[in-house]
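Trainee: Okay, here's the structure, questions in a sec.
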Amino acid sequence: MQTRLPDELVVSDDHSIDATVAILNEFVARSPFPVRMEINNQTLGLTKNFERAISRCSGDVIFLSDQDDVWMPGKIELMAREFAKSDAIGLVFTDAELTDKSLTPLNDRLWNYSFAKTARRKTLPHEFYKTLLRGNVVTGAAMAFRSDRIAAFMPFPAHIPDFIHDGWIALAVSASSEIVYLETPLIKYRQHAAQDRGINREIETPVTMLEQLLKTLEYLRGHLIFLDQIRNHVNGNMPAQYAEKILESIAEIKLDMKDRITHLENRLSLSDKGTRRVPAIFSELKSGRYHRFSKGIRSAVKDLFATAKAAGEK
């Protein structure tokens, strides 16, 4: 039970064919707060159902709850307290405690995988979109936003792969508002095979420098495509005063990423340069890219000996 009850609960059932509606009716009968339940005449899918549910809400602050996770008792109260501090705050989100399907703690936190300490240190509340354009760090189950910001993110982009409602809401709201994050975990985030979205806690770490460079290069090339898709959706689907910040930031990030791609491509091509590898490494050092995107002299020396070894084995 929450220490502060919600003013209302809005349920949008996406034409389910199991016992969901019966379970909801039982809950409505004993709920200590108002519940409005609406059943879609046909299945809309994740994105459109979220749009409909959000549009049906009447409160000042909206919390999303679409998961089998468990809220900590003080979630609503603590997050509402943050919104009360300033009208400039448009969205609040928190860390989460990871558990297994039975809610047994895994002694781990969500942000260890989605929102690293280095990213937190670099993030400014009024420029959160700069962080979000490099990768979403906001989980829908752990966030709440002001309802008067809805105009900034409707409609949801349905054509961008692996980019769902939570990332888009956070990005759009961040263009007009401050974003606040609380390091206190306020949900228990279940990890199990049947969930639609989760955290990969067994990420394979590349074992060689070549594998690491190739993996990073693949990610950057894919992210450039993603940024172009975001740019295309922002144009014409977001109020101009909000879109301008997003578009400017996308342009800056793309320039930086393209420079990093050039650096990685140059490092990967060193083994093909034979006796010209030393001038090529020196040129990359002179450009400053070794220091901006790798580990400076240390990476340059590694490349020198790695390519020298490769040349000797031919």
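The values are calculated or read from the model by the stated rules, or taken from the named source; none is laboratory data. Keep in mind the model is a prediction, meaning the values are calculated, not measured. Here the Cβ is made from the backbone with ideal geometry for all residues, glycine too, and neighbour counts use every protein chain on show.
Trainee: Would you say Arg260 is in contact (Cβ under 8 Å) with a residue 40 or more places away in the chain, charged (D, E, K, R) and part of a helix (DSSP H, G or I)?
Mentor: Yes, satisfied.
Trainee: Same structure again: Condition check: modelled with pLDDT of 90 or more, farther than 26 Å from Met238 by Cα, out of contact with any Pro (no Cβ under 6 Å at 6 or more places or on another chain) and not polar (S, T, N, Q). Does Leu214 satisfy that?
Mentor: Details: modelled with pLDDT of 90 or more: yes; farther than 26 Å from Met238 by Cα: yes; out of contact with any Pro (no Cβ under 6 Å at 6 or more places or on another chain): yes; not polar (S, T, N, Q): yes.
Judged against the criteria, Leu214 is a match.
Trainee: Okay, next question. In the range 296-312, is there at least one residue being modelled with pLDDT of 70 or more, in a helix (DSSP H, G or I), within 32 Å of the chain's Cα centre (by Cα) and surrounded by 14 or more Cβ atoms within 10 Å (Cβ to Cβ)?
Mentor: Yes, the conditions are met somewhere in the range 296-312.
Trainee: From Ala29, Ala53, grab the single residue that is part of a helix (DSSP H, G or I), in contact (Cβ under 8 Å) with a residue 12 or more places away in the chain and aliphatic (A, V, I, L, M). Break it down stepwise before answering.
Mentor: On the way: Ala29 fails: in contact (Cβ under 8 Å) with a residue 12 or more places away in the chain.
One residue alone meets the criteria, Ala53.
Trainee: Could you please find all residues in the range 1-26 being part of a helix (DSSP H, G or I) and within 13 Å of Ile76 (Cα to Cα)?
Mentor: First, the residues of the range 1-26 that are part of a helix (DSSP H, G or I): 20-26.
Of everything in the range 1-26, nothing turns out to be part of a helix (DSSP H, G or I) and within 13 Å of Ile76 (Cα to Cα).
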